[in-house]
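Chemist: Structure provided below as structure tokens; questions to follow.
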Amino acid sequence: MTAVATAVDGTPLTGNQLVRRQRVIRAALQLAAEGGYDAVQMREVANTSAVALGTIYRYFSSKDHLLAAAMAEWTTELQERLARQPARGATPADQVVDVLRRACRSIERHPTLARALVRALGASDPTVGEAAHEVSTRISAMTSPILANLSEAELADIVAVLGHVWYSTLVSWANGRLQVRAIGDELERAARLLLAAHPELARPAAAPRARSGNGAARRSAGRDAATPAAATAAAPGAATATRRSSRR
């Protein structure tokens, strides 16, 4: 279930407001890709998006909130690409690894942007946590059709652990302790270890089995896994590793 975009005060946005909000997110992504975290100044975002500064603050409480929402947008694009080109692999485990590798390739292509988003996800702003939850919900939606034979509890546990691995490797990479390729390697290792407990996932994959809408909604409401691009949402308790909240 996709969260409905609202203003900072919780008011639902109109169609025109959603269009302006999208322009603001696009401007933030552009500035972060060109100059990194420090290049995303709210006044510059206003100039680039042609949206008034006061209006931007109605949609986003801080620069970190904006960048976290941009991470959710980036993940949405990955989800849309996956819908057009389904995960490849002979087994469900191989397909999950393919999804994770695709997310990592997006980070490899846009490292400056990815570092900016990871830094924002470490902020203490509560609204950042809300955007991070939206990212994890989307990543769950990308993997749940592949792992449809697992129970909801098993799926939630697997996605949560992968989220923690994802976030910790992103932080280590952003701080220069890992090569970017290691993010995908660590995620694949974690995924294969977790899925090894389910031998049926090592057998050739069948067509994905649809889950009931109510079940999907319950998963979306209750999951708190981290993830990128995409990259990637903040794992509970891990945010202090990169806590740098910047309000403009």
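Chemist: Could you tell me whether region 106-113 includes any residue that is surrounded by 23 or more Cβ atoms within 10 Å (Cβ to Cβ), at pLDDT 85 or above, out of contact with any Gly (no Cβ under 6 Å at 6 or more places or on another chain) and farther than 20 Å from residue 171 by Cα?
Modeler: The answer is no, given that none of the residues of region 106-113 is surrounded by 23 or more Cβ atoms within 10 Å (Cβ to Cβ), at pLDDT 85 or above, out of contact with any Gly (no Cβ under 6 Å at 6 or more places or on another chain) and farther than 20 Å from residue 171 by Cα.
Chemist: Give me the pairs: first residue in region 169-185 and closer than 11 Å to residue 107 by Cβ, second residue among the basic types (Lys, Arg), beta-carbon distance under 6 Å, and six or more apart or on different chains, which are they?
Modeler: Matching pairs, first to second residue: 174/115; 184/101.
Chemist: Of all the residues that make up region 3-28, how many are within 21 Å of the chain's Cα centre (by Cα) and in a loop (DSSP other than H, G, I, E, B)?
Modeler: 5
Chemist: Separate question: Quick one: residue 51 ticks every box in (1) outside any loop (DSSP other than H, G, I, E, B); (2) of a type outside the set (Lys, Arg); (3) farther than 27 Å from residue 158 by Cα except a single one, so which number is it?
Modeler: (1)
Chemist: I'm checking my understanding of the structure. Among residues of region 85-134 that are among the small types (Gly, Ala, Ser) and assigned to a loop (DSSP other than H, G, I, E, B), which one is farthest from the chain's Cα centre (by Cα)?
Modeler: So the residue we want is 90.
Chemist: Continuing with the same structure: Does any residue of region 72-80 turn out to be farther than 17 Å from residue 21 by Cα and touching a strand residue (DSSP E or B) at 6+ places or on another chain (Cβ under 8 Å)?
Modeler: Yes, region 72-80 contains a residue that is farther than 17 Å from residue 21 by Cα and touching a strand residue (DSSP E or B) at 6+ places or on another chain (Cβ under 8 Å).
The values are calculated or read from the model by the stated rules, or taken from the named source; none is laboratory data. As the structure is a prediction and not an experimental result, all values here were calculated from the model. Note that each Cβ is placed from the backbone with ideal geometry, even for glycine, and that neighbours are counted across all protein chains shown.
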